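These notes are about the structure you will find just below.
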Amino acid sequence: MATVPWLVGCRGPQSALDPASATAAELARLWWVMSSVAGAVLLLVTGLWLYGLFRRPRQYDQRQARRVQQWLVVGGGLLLPGVTVTALLFYGVNAARGMLPVPGEDALRIAVTGHQWWWEVRYPQGVITANQLILPVGRPVDIEVASADVIHAFWVPSLGGKLDMTPGRQGRLRLHPAREGVLRGQCAEFCGTQHAHMILHVEVLPEAEFQAWLNARAEQPPVAPPAGAAGEVFAERCGLCHRVAGVSAGGRAPDLTDLASRPTLGAGVIANDAAGLRRWLREHQRLKPGNGMPDHDAVDEATLEVLAVWLEGLAP
């Protein structure tokens, strides 16, 4: 009974044991099978140990002692681990096949690039966003992963296994979202001081809603740059790294074209609401130390307010 409270960890937006796809469900079954086998082996070995510890001493001649030793070595040291590991290997290989792209399927292709410490997501129709991955339910999706700097790892536990993102190489992971909902992804390879703050917001929508979301971003009209001093600050500071369609072409930092529609800022560091946006503009180096954006301590409050109001309008 003491272990029951720990079972609450089996559910949640980042639980590999709360699957939202067929592949994740297979991996969850694999985990339960491996845990059950490991538990059974532990009980068997513990039972033999207790039996040997408390049994009544017996006298064995040399032949009998050698026979017992051979049975323990062959049965417990070779057959038992050999059979269980081989069976789990075949079971695991079969489960992993679901993560491989299958030719001929009408899969949606999405390119995800890992940066220190944020996610760049590119869809068809030239749609670019950051730190959020929107997927259609019931349709295979090929995630093409790459890294812009160091080794990262793409992992959405509720949708399937993780895949390393190695600089100079491209990988592909097949996902099959099976139910709607909000999930959470995480970089699963240590990539620097803000590795823990590299969160990916994942949302699975019905096909019609997904197409509407994608079309709205593809048809998003260009905006005018912020007025006055705020426009100068954006051009001299923000626009050199951030892209806003029709305003700036920076490619080193997250695309801001649909910033106002994202749930968080800083890859999950703070909520993207009125207070959160203004705090992020002023305190981003304190909220996420080491991120590539310079501080704005030299920018007056009135100019930052104009800039914040303009950023709040960046939505389809």
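Note on the range 131-149: among residues that are charged (D, E, K, R) and in a loop (DSSP other than H, G, I, E, B), the one that is nearest to Val112 (Cα to Cα) is Asp149.
Could you go through the range 229-249 and let me know if any residue there is under 28 Å from Ala24 (Cα atoms) and touching a residue at least 12 places away in the same chain (Cβ under 8 Å). There is no residue in the range 229-249 that is under 28 Å from Ala24 (Cα atoms) and touching a residue at least 12 places away in the same chain (Cβ under 8 Å). Within the option set Val45, Val74, Val33, Val41, being part of a helix (DSSP H, G or I) and either under 27 Å from Leu159 (Cβ atoms) or at pLDDT below 80 (or both) holds for one residue only, Val33. Could you tell me whether Val204 is at pLDDT 90 or above, buried (at least 16 other Cβ atoms within 10 Å of the Cβ) and more than 22 Å from the chain's Cα centre (by Cα)? Judged against the criteria, Val204 is not a match. Taken over the range 193-214, the criterion of being outside any strand (DSSP E or B) and either basic (Lys, Arg) or closer than 22 Å to Val127 by Cβ (or both) is satisfied by Met198, Pro206, Glu207, Ala208, Glu209, Phe210, Gln211, Ala212, Trp213, Leu214.
Against the list (1) out of contact with any strand residue (DSSP E or B) (no Cβ under 8 Å at 6 or more places or on another chain); (2) of a type in the set (A, V, I, L, M, F, W, C); (3) modelled with pLDDT of 80 or more, the condition Val4 fails is (3). Scan the range 250-281 for residues that are of a type in the set (Lys, Arg), in contact (Cβ under 8 Å) with a residue 40 or more places away in the chain and not in a loop (DSSP other than H, G, I, E, B) and the total you get is 0. Going by what's in this entry, would Ala87 be described as surrounded by 11 or more Cβ atoms within 10 Å (Cβ to Cβ), under 30 Å from His176 (Cβ atoms) and modelled with pLDDT of 85 or more? Taking the combined requirement at face value, the residue does not satisfy it. One residue stands out among those in the range 215-249 that are assigned to a loop (DSSP other than H, G, I, E, B) and among the aliphatic types (A, V, I, L, M): the one that is farthest from Val309 (Cα to Cα), which is Leu240. Only one entry of Leu277, Leu307, Leu311 meets the criterion of being under 29 Å from Asn215 (Cβ atoms), surrounded by 17 or more Cβ atoms within 10 Å (Cβ to Cβ) and within 26 Å of the chain's Cα centre (by Cα), and that entry is Leu277.
The values are calculated or read from the model by the stated rules, or taken from the named source; none is laboratory data. Since we're looking at a predicted model, the values are computed, not measured. Using ideal geometry, Cβ is built from the backbone for each residue, glycine included, and neighbour counts are taken over all protein chains shown.
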